[in-house]
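Trainee: Handing you this structure, nothing more for now.
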Ligand code: HAM
């Protein structure tokens, strides 16, 4: 009787996390490769920061009134008594890294990308995990709305390569420190009038940061928020002008978009541009990626006054709608008889691998028939036959499994044949 290992609950993966197994991981690798290729064409460079950071980084960066900080962080005290947090997002980490290494003094364009796990203690559901993965890009020191349009265009270029169809791009401006206070006051007033109908969380948000009411997932609150004043009516001249330019650049780049005045996004740091690309093929968790401008974060961290803009794409969500063909693998299976042939097989496998051929040697005492059965099962493209005769002659058998054709040759001759097929 085989034991049901899935019943060992205490050892099972943690709720909201997912194993990515062979068969699926190839799609992840393809996405990562295409993302890298795409971003480097736009002169982005990879920047890798740690998985955990001081808790204050996110409290200050992501923002103390966000759901992410108030409810969703994986925070723990380490043995040195420090409060650390598994990053819920990447943007504050990049800002910290730039400041710590004074990358702003190097004179190189500050365009960075990264791919990796993020952690949020949210309610798991389809498209929402507690460990999920983002592809993140950030640009610093570019005030012009043209760069916001350029990164939106870059996101589209990547989604196209990934075969993602049926998307909609939403854009908005959330203003700046000059114009947002008046909007917050108007929201507070509107929320005050409906206070009794709002959930307790939103009643609190009305006091602390009324913009955050737009993030509420309670249907009644969403309906009420839909009737709140629009930020578009409160933008100062500079923000209005920036937003007009963003739309004009998107038109130049022929990116269709919709202005959504409620798109404030769930993080506190945004200024001016916000955007999201959503999929029409997904349910509640339909945001494939989101981002925007955050011109004050570095200054607020006590660093130089350098503006930033960027976005993060959710890998799980994108892969759930991507059309990526799994790469075709051609495997050479090494079939040997006896110990001496096995050792010769190892050396042959090294030769073929060094020449770019994927090779498999299994260290089991099998007869030739069993080797062929195994090669068939593994859908190997070819079988290399190594026996005593073959070793003595220095010539080996090669069977092409699809055709059943078998030839004999030196390893160099066989390599030439493999390369041709
Ligand atoms: P975000 O909107 O919080 O933005 O996350 C970006 C994307 O990550 C979402 O659109 C979604 O695809 C994915 N995502 C978020 N939470 C989850 C989850 N629990 N499970 C699965 N996927 C998820 C940010 O994180 C900002 N740092 C983006 C940014 C970069 N803004 C400026 N620069």
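The numbers here are math on the coordinates, done by the rules we state, and not lab data. In this text the structure is predicted, and so the values were computed from the model without any measurement. Don't worry about glycine lacking a Cβ; one is built from the backbone with ideal geometry, like all the others, and counts go over all protein chains shown.
Trainee: Sort 137, 151 by Cβ crowding within 10 Å, fewest neighbours at the top.
Mentor: Values: 137 28, 151 25.
Least crowded to most crowded, the residues run 151, 137.
Trainee: How big is segment 37-95 by the Kirkwood estimate over distinct Cα pairs, in Å? Walk me through the numbers on the way to the answer.
Mentor: On the way: mean 1/r = 0.0788 Å⁻¹.
Hydrodynamic radius (Kirkwood, Cα pairs) of segment 37-95 is 12.7 Å.
Trainee: In segment 1-158, how does Rg compare with the Kirkwood Rh, expressed as the Rg/Rh ratio over alpha carbon atoms?
Mentor: Working: Rg = 18.5 Å, Rh = 18.0 Å.
With Rh from the inverse mean 1/r over Cα pairs, Rg/Rh is 1.02.
Trainee: Please report the projected area of segment 308-362's Cα convex hull averaged over all directions, in nm².
Mentor: Details: hull surface 29.1 nm².
So the mean shadow area of the Cα hull is 7.3 nm².
Trainee: What's the center-to-center distance, using Cα atoms, between segment 60-89 and segment 180-196 in Å?
Mentor: What the calculation gives is 28 Å, centre to centre.
Trainee: How many angstrom lie between the Cα centre of segment 257-318 and the Cα centre of segment 324-373?
Mentor: Value for the Cα centre distance between the two parts: 49 Å.
Trainee: Considering all projection directions equally, how large on average is the shadow of the alpha-carbon convex hull of segment 240-371, in square nanometres?
Mentor: Values: hull surface 64.4 nm².
Averaging across all directions leaves 16.1 nm² for the Cα convex hull.
Trainee: Still on this structure: Helix 91-101 versus the longest principal axis of the chain: what is the Cα-based angle in degrees, 0 to 90, to the nearest 10?
Mentor: For helix 91-101, the angle is close to 80 degrees.
Trainee: Next up: Would you compute, from DSSP H runs of 4+ residues alone, the mean residue ellipticity of the chain at 222 nm, taking -39500 (n - 2.57) per run and dividing by the full residue count, rounded to the nearest 500?
Mentor: Working: 15 runs with 157 residues, N = 421.
Mean residue ellipticity, 222 nm, calculated: -11000 deg cm²/dmol.
Trainee: Tell me, what is the percent relative contact order of the chain, built from C-alpha pairs under 8 Å that lie six or more residues apart?
Mentor: On the way: 688 pairs, mean separation 64.3, N = 421.
With pairs under 8 Å counted, the relative contact order is 15 percent.
Trainee: Only counting other Cβ atoms within 10 Å, I'd like 184, 230 sorted with the fewest neighbours first.
Mentor: The fewest-first ordering by Cβ neighbours comes to 230, 184.
Trainee: Can you give the three extents of the C-alpha atoms in the chain along their principal axes, from longest to shortest, in whole Å?
Mentor: 90, 54, 45
Trainee: Okay, next question. Can you tell me the convex hull volume per residue for segment 244-317, based on C-alpha atoms, in Å³ to the nearest whole number? All intermediate terms of the calculation are to be shown ahead of the outcome.
Mentor: Details: hull volume 9.2 nm³, N = 74.
That works out to 124 Å³ per residue.
Trainee: Ranked from highest to lowest mean number of other Cβ atoms within 10 Å per residue, what is the order of the peptides 157-164, 364-371? Don't skip to the answer; put the middle values down first.
Mentor: Details: 157-164: 18.0, 364-371: 12.5.
Highest-to-lowest ranking by the protection proxy: 157-164, 364-371.
Trainee: In degrees, nearest 10, range 0 to 90: what is the angle between the Cα axis of helix 237-252 and the longest Cα principal axis of the chain?
Mentor: Its long axis makes an angle of about 30 degrees.
Trainee: Let me ask something else. Over the Cα atoms of segment 223-284, what Rg and Dmax result, in angstrom?
Mentor: 13.3, 38
Trainee: Against the globular-protein guess of 2.2 N^0.38 Å, express the Cα radius of gyration of segment 117-259 as a ratio, rounded to two decimals. List each step's numbers first, then the result.
Mentor: On the way: Rg = 17.9 Å, N = 143, 2.2 N^0.38 = 14.5 Å.
Computed over Cα atoms of segment 117-259, the ratio equals 1.23.
Trainee: Could the peptides 313-325, 216-228 be put in order, highest first, of the mean number of other beta-carbon atoms found within 10 Å of their residues? Please list the in-between numbers first.
Mentor: Working: 313-325: 18.7, 216-228: 15.0.
My ranking of the peptides, most packed first, is 313-325, 216-228.
Trainee: Largest first and to the nearest Å, give the Cα extent of segment 1-87 along each principal axis.
Mentor: Answer, in whole Å and largest first: 55, 42, 26 Å.
Trainee: A further question on this structure: Once both axes come from the Cα atoms, what is the angle between helix 180-193 and the longest principal axis of the chain, in degrees from 0 to 90, rounded to 10?
Mentor: The two axes meet at around 80 degrees.
Trainee: Could you bin all the Cα-Cα distances of segment 99-164 into 5 Å bins starting at 0 and give me the percent of pairs in each, rounded to whole numbers?
Mentor: Histogramming segment 99-164 at 5 Å steps yields 4, 12, 16, 17, 18, 17, 11, 5, 1 percent.
Trainee: Let me ask something else about it. Which percent, to the nearest 5, of DSSP beta bridges fully inside segment 112-268 are antiparallel? Numbers along the way, then the final one.
Mentor: Working: 9 of 11 bridges.
That works out to approximately 80 percent antiparallel.
Trainee: When you count, for each residue, the other Cβ atoms within 10 Å and take the mean per peptide, how do 335-344, 68-77, 205-214 rank with the highest first?
Mentor: Numbers: 335-344: 17.8, 68-77: 16.0, 205-214: 20.4.
Listed from highest to lowest mean packing, they are 205-214, 335-344, 68-77.
Trainee: To continue, here is another question. Share of antiparallel DSSP beta bridges in segment 25-140, in percent to the nearest 5? It would help to have the intermediate numbers written out before the result.
Mentor: On the way: 18 of 20 bridges.
Among the beta bridges of segment 25-140, antiparallel pairing accounts for roughly 90 percent.
Trainee: Each label point is 7 Å from the Cα along the Cα-to-Cβ direction; what then is the distance between the points at residue 28 and residue 403, in nm?
Mentor: Here the modelled spin labels are 3.8 nm apart.
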